[in-house]
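Read the structure below first, then the notes.
The values are calculated or read from the model by the stated rules, or taken from the named source; none is laboratory data. Keep in mind it's a predicted model, so treat the numbers as computed, not measured. As a convention, Cβ positions derive from the backbone with ideal geometry for all residues, glycine included, and neighbour counts pool all protein chains shown.
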Amino acid sequence: MIEKIGFVILGALLSWLFYFIKRRVENKPDLEKLDKHKKLLDIHKQMNDQDISIDGLAELELLLTGKAKAINQKNIALQAESAPLLEAGEIENLNQIELNERASRRVEQAKERMQKAIAGIDSRVGDFESQSLMSSQTEWESYSISQAEAAAASYREATIYPLIYLNELESLINERTARLQAELDELIKLGN
């Protein structure tokens, strides 16, 4: 008889325990939904406090993605604008020194385009922005040299090292120029 009472009590306890576990599992998605809605409500409140609308966020997204597209298009245009290192049929007539000299000229041309973009931006911004631009340009130049050296490092002892170094440097300069030109276009669009 005591065994029967024990089994009944054990059964009741297990039923009670499984019932609460089941309720806990069933409520978890609801709690997650509540958390999500609370976060969205907080974001909405912050947007209202800062006078930001959904349309404003959409405009910001369009501006950012538009700027990225503009940079990419300018980079492609700059790459296409660069004279080819080899003309058709020249492969047999050029030695490594001549290829290196051509690559060096291409880097100088790319630097000139970059300097024009920097000058355009510099003429349209104030002193603080100008100093910031020049500081970032100095840092970028150090980075680009280090990156080009790293890209060519495994060829350090070969005659092709300067060509690989210069090609990487030109590519980095063109990327930087594309960003600077996109920035310049934005300043011009804003009337600066």
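Among the residues here, residue 160 qualifies as out of contact with any strand residue (DSSP E or B) (no Cβ under 6 Å at 6 or more places or on another chain) and in contact (Cβ under 8 Å) with a residue 60 or more places away in the chain. Residue count for the stretch 123-144 under the criterion of being surrounded by 14 or more Cβ atoms within 10 Å (Cβ to Cβ) and either in contact (Cβ under 8 Å) with a residue 12 or more places away in the chain or of a type outside the set (Asp, Glu) (or both): the result is 7. Of all the numbered requirements in (1) over 42 Å from the mean Cα position of the chain (by Cα); (2) modelled with pLDDT under 75; (3) loosely packed, with under 10 Cβ neighbours inside 10 Å, residue 25 misses one, and that requirement is (1). Just the residues that are assigned to a helix (DSSP H, G or I), among the aliphatic types (A, V, I, L, M) and at pLDDT 75 or above, please, taken from the stretch 79-129. Within the stretch 79-129, 97, 99, 103, 107, 110, 114, 117, 118, 119, 121 meet the criteria. Considering the stretch 148-164, the residues that are buried (at least 16 other Cβ atoms within 10 Å of the Cβ) and under 25 Å from the mean Cα position of the chain (by Cα) include one that is nearest to residue 122 (Cα to Cα), namely 148.
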